[in-house]
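Values in this text are rule-based calculations from the coordinates and carry no lab data. Small disclaimer: the values here were computed from a predicted structure and weren't measured. Every residue, glycine among them, receives a Cβ derived from its backbone with ideal geometry; neighbour counts consider all protein chains shown.
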Amino acid sequence: MSRKDDPSAWEGFLERYKRFSYQSLGRTLDLKYDMNRLKLRLSKGDVNMSPGMYLSMMLYATLFSAAAVLIISILVFRVMFNVEGWPLFTASLFAVSLLVTIFSYPLIISSRISKKKSEIDKELPFTMSELSILASTGLSPVQIMRKISQRKDSKYMSREFRKIIYHLDVEGKDIITAISETAKETPSQHLREMLWDFSNMIHEGGDMDTYLRNKADASLKLKRDIQKEFIEGLGTLMEIYTSLVLMGILFAGVAAFLMETLASTFNGIDASTLLIIMTYFLIPFSVIAMNLFISASYAKVD
């Protein structure tokens, strides 16, 4: 199979999985429950699916992954190595797989929202400057929105303004309502405030050019503060990673060495079993969990 066929095969499987999840459970959830908060969160992360589809996909993924881990654990600990206390290991890995899958879906959404927010905040000073230039030329607010929505160099910012144009052209809403609804859906608090102020100025009137120039200066200061915060936070995370993960792995290795030297076991776990658990489960899970945490918390700046 060629490389070109792989993405299409994966996309086909994903589409079938989405369709199965929605038809079997997601549609019922959408019709039965009012999930506006989750719908808004998905919109902020640009996740193009209904809340019911999202929840049903998360539930089925959790069940399938937990069942796979259960089968593999039984094969490894009971059939291949016949480890004493294998039910405890199997139950532990089963519980871990449930928790990892359940929490990975919200973490992915949080990561997408954080990434989108950071990209919007990063582009906001330049967008403010461009808005002030366009406003000084005498263009109407709708024409200004259209100009920004057609930008090619900032897909996140232009996508937010395309939502305004969608509310205008497709849904037939007025400019103030279109801007206000888009402001609710954006993950950036600073862009939200700018859009609300923009709509108020359209409604009440005001010096839009001067306002946008002042906001552009304030946004540049904000960008410098975000970079400083990111560097400080990253240093803290590295200290946590070094203290907990690396030291934990080191202690587990020393414990395995002592158990091998003393020919002892701990609750049926010998040195070789401890090394297997550390190599194939402890280290990968630790690295994956730390990467997810960093991505969700600090998807800030380049």
Part-to-part distance (alpha-carbon centres) for the stretch 1-79 and the stretch 206-226, which is given in Å = 41
How far is helix 189-204 tilted off the main Cα axis of the chain, in degrees rounded to 10, range 0 to 90?
-> 20
Among Leu168, Leu134, Thr265, flag the residue with its Cα farthest along the positive direction of the charge dipole of the stretch 133-278, charges on Cβ as +1 for Lys/Arg and -1 for Asp/Glu.
-> Leu134
Extension length gain for Phe94 and Lys32 (0.36 nm per residue less Cα distance), in nm, is 19.3 nm
In whole percent, what relative contact order does the chain give with Cα contacts below 8 Å and a gap of six or more residues?
-> 19
Using only the Cα atoms of the stretch 193-272, each taken as one equal point scatterer with no solvent, compute I(q) by the Debye sum, divide by I(0), and report log10 of the ratio at q = 0.12, 0.25 Å⁻¹.
-> -0.62, -1.08
So how much slack lies between Arg224 and Ser43, counting 0.36 nm per residue of separation and subtracting their Cα-Cα distance, in nm?
-> 62.4 nm
Within the stretch 111-144, which residues have the backbone N less than 20 Å from the label spot 7 Å out from Asp207 along Cα→beta-carbon, could you tell me?
-> 128-141
With θ set to phi - 60° and the Karplus curve 6.51 cos²θ - 1.76 cosθ + 1.60, what are the ³J(HN,Hα) couplings of the stretch 250-265 in order, to the nearest whole Hz, using x for Gly and Pro?
-> 4, 5, 5, x, 5, 4, 5, 4, 5, 5, 5, 5, 8, 6, 10, 10
Would you calculate the volume per residue, in Å³, of the smallest convex hull containing every Cα atom of the stretch 52-185?
-> 141
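So between Leu250 and Gln150, what do we pick up on full extension, going 0.36 nm a residue minus the alpha carbon distance? Intermediate values should be presented prior to the final figure.
Values: separation 100, 0.36 × 100 = 36.00 nm, distance 5.34 nm.
That pair, Leu250 and Gln150, stretches by 30.7 nm at full extension.
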Calculate the spin-label point distance for Thr261 paired with Tyr280, positioning each point 7 Å from the Cα along the beta-carbon direction, and give it in nanometres.
-> 2.7
Spin-label pair Ile176/Glu11, simplified geometry with 7 Å Cα→Cβ offset, distance in nm | 4.3
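If Rh is defined by the Kirkwood formula over all Cα pairs and Rg also comes from Cα, what ratio Rg/Rh do you get for the stretch 168-302?
Over the Cα atoms of the stretch 168-302, Rg/Rh equals 1.33.
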With +1 on each Lys and Arg Cβ and -1 on each Asp and Glu Cβ, and nothing else charged, work out how big the dipole of the stretch 183-253 is about its Cα centre, in Debye to the nearest 20.
-> 180
Dipole of the stretch 177-222, Cα-centred, from +1 at each Lys and Arg C-beta and -1 at each Asp and Glu C-beta, to the nearest 20 debye?
-> 180
Helix 155-169: angle to the longest alpha-carbon principal axis of the chain, degrees 0 to 90, nearest 10?
-> 50
